[in-house]
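What follows is one structure encoded as structure tokens, with my remarks underneath.
The values are calculated or read from the model by the stated rules, or taken from the named source; none is laboratory data. Everything numeric in this text was worked out from a predicted model, so none of it was measured. For neighbour counting, all protein chains shown are included, and Cβ atoms are generated from backbone atoms with ideal geometry for every residue, glycine included. What goes into the accessible areas is simple: the full protein's heavy atoms, side chains included, and nothing from ligands, DNA or RNA. Shrake-Rupley method; radii C 1.70, N 1.55, O 1.52, S 1.80 Å.
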Amino acid sequence: IVFSSFYQAKEKFKKELKIEGFLYSDLSVLASDIPYFPPEEEEENLEDGIHLVVCVHGLDGNSADLRLVKTFIELGLPGGKLDFLMSEKNQTDTFADFDTMTDRLLDEIIQHIQLYNLSISRISFIGHSLGNIIIRSVLTRPRFRYYLNKLHTFLSLSGPHLGTLYNNSTLVSTGLWLMQKLKKSGSLLQLTFRDNADLRKCFLYQLSQKTGLQYFKNVVLVASPQDRYVPFHSARIEMCKTALKDRHTGPVYAEMINNLLGPLIEAKDCTLIRHNVFHALPNTANTLIGRAAHIAVLDSELFLEKFFLVAGLNYFK
């Protein structure tokens, strides 16, 4: 009787809607037999270990910056045994030098694993902007050596891997210079290669000489030409025309690129993927100065949904 009443109500509802199609529930074969919200996992299934995903925010950011990224991965991979660490140890001071911020993040990761007594099968990192440099720096530390064989995916969202040299926006370059002076920021000094008179002794150059990225199965670089905060070529780790013409800094820049990409190419189990993103942005001041595109990789649901459905989820399976 209950089923009959439900069926009659459904047919009446369809007539009121005046739809010519059919409802998904009318199909004899459903698209998937996996429940959207899977049942609680049995204890024995946890023996394989979990996939720890560490999310690291950028300059002047906080632990909530990558919340949408986390949400779309969780929705797309239900039952994926994922554990997210939304890094917060650097959010009170992202203007410190990279070594200081590296120590904080490394402590945070190890404490998280120990506190929850996690059995780790894989570790992935997702970084935004400056956070990507901190992640790369963590990989070089002796205390992290034990976890290198567990590295899975490094998703870099607008990461300044080659610093902010050859930025085509004078406005942004001037703004960063002023911010560095006002905040006495070690990280901004290092991003602009002004932490040492000898470019090869600068933090970013020396970081490029250390191993790290080749231990990942997937190195995914997401960049946008609309982003003027982080140069397009820096986020993609590639040469630019201005650097080719620069006889002083250009050769050092090329060496950094070779230092970073050489080990990736030689590593048989590592795949390098580059994604170029073109956002549909309104004509605002934020868009003009390139800030809108820089943060769109964090807060644009349109971009995040498409990116993870089309490609992104595969890197975390």
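Among the residues of region 213-231, those that are farther than 11 Å from Ala267 by Cβ and either modelled with pLDDT of 95 or more or of a type in the set (Gly, Ala, Ser) (or both) comprise Asn218, Val220, Leu221, Val222, Ala223, Ser224.
Out of all the residues in region 229-245, which are assigned to a loop (DSSP other than H, G, I, E, B) and either without any contact (Cβ under 8 Å) to a residue 40 or more places away in the chain or of a type outside the set (Val, Ile, Thr) (or both)? Once the filter is applied, which keeps residues that are assigned to a loop (DSSP other than H, G, I, E, B) and either without any contact (Cβ under 8 Å) to a residue 40 or more places away in the chain or of a type outside the set (Val, Ile, Thr) (or both), region 229-245 yields Tyr229, Pro231, Glu238, Met239, Cys240.
Here Ala235 qualifies as under 25 Å from Lys70 (Cα atoms) and aliphatic (A, V, I, L, M). Inside region 267-279, residues that are in contact with a helix residue (DSSP H, G or I) (Cβ under 7 Å, 6 or more places away or on another chain) and not in a strand (DSSP E or B) make up a count of 4.
A count restricted to region 230-264 and to residues that are farther than 24 Å from Val277 by Cα, within 23 Å of the chain's Cα centre (by Cα) and basic (Lys, Arg) stands at 0. If the condition is being of a type in the set (A, V, I, L, M, F, W, C) and either open to solvent by 50 Å² or more (accessible area, probe 1.4 Å) or not in a loop (DSSP other than H, G, I, E, B) (or both), then region 51-68 contributes Leu52, Val53, Val54, Cys55, Val56, Leu59, Leu68. Of the residues Thr71, Thr92, Thr100, the single one that is assigned to a loop (DSSP other than H, G, I, E, B) and either on the phi > 0 side of the Ramachandran plot or among the polar types (S, T, N, Q) (or both) is Thr92.
Quick check on region 251-261. Is at least one of its residues out of contact with any Cys (no Cβ under 6 Å at 6 or more places or on another chain), at pLDDT below 95 and open to solvent by 30 Å² or more (accessible area, probe 1.4 Å)? No - not one qualifying residue is present in region 251-261.
Test of understanding: among Leu298, Leu304, Leu221, which residue is touching a Lys or Arg at 6+ places or on another chain (Cβ under 6 Å) and either buried (at least 18 other Cβ atoms within 10 Å of the Cβ) or under 17 Å from His128 (Cβ atoms) (or both)? Explain how you work it out, then say what you get.
Numbers: Leu298 fails: touching a Lys or Arg at 6+ places or on another chain (Cβ under 6 Å); Leu304 fails: touching a Lys or Arg at 6+ places or on another chain (Cβ under 6 Å).
Exactly one of Leu298, Leu304, Leu221 is touching a Lys or Arg at 6+ places or on another chain (Cβ under 6 Å) and either buried (at least 18 other Cβ atoms within 10 Å of the Cβ) or under 17 Å from His128 (Cβ atoms) (or both), namely Leu221.
The set of residues in region 193-207 that are surrounded by fewer than 23 Cβ atoms within 10 Å (Cβ to Cβ) and outside any loop (DSSP other than H, G, I, E, B) comprises Leu199, Arg200, Lys201, Phe203, Tyr205, Gln206, Leu207.
Within region 273-293, one or more residues are open to solvent by 50 Å² or more (accessible area, probe 1.4 Å), at pLDDT 95 or above and under 22 Å from His161 (Cβ atoms). If the condition is being at pLDDT below 95 and open to solvent by 30 Å² or more (accessible area, probe 1.4 Å), then region 233-243 contributes Lys241, Thr242.
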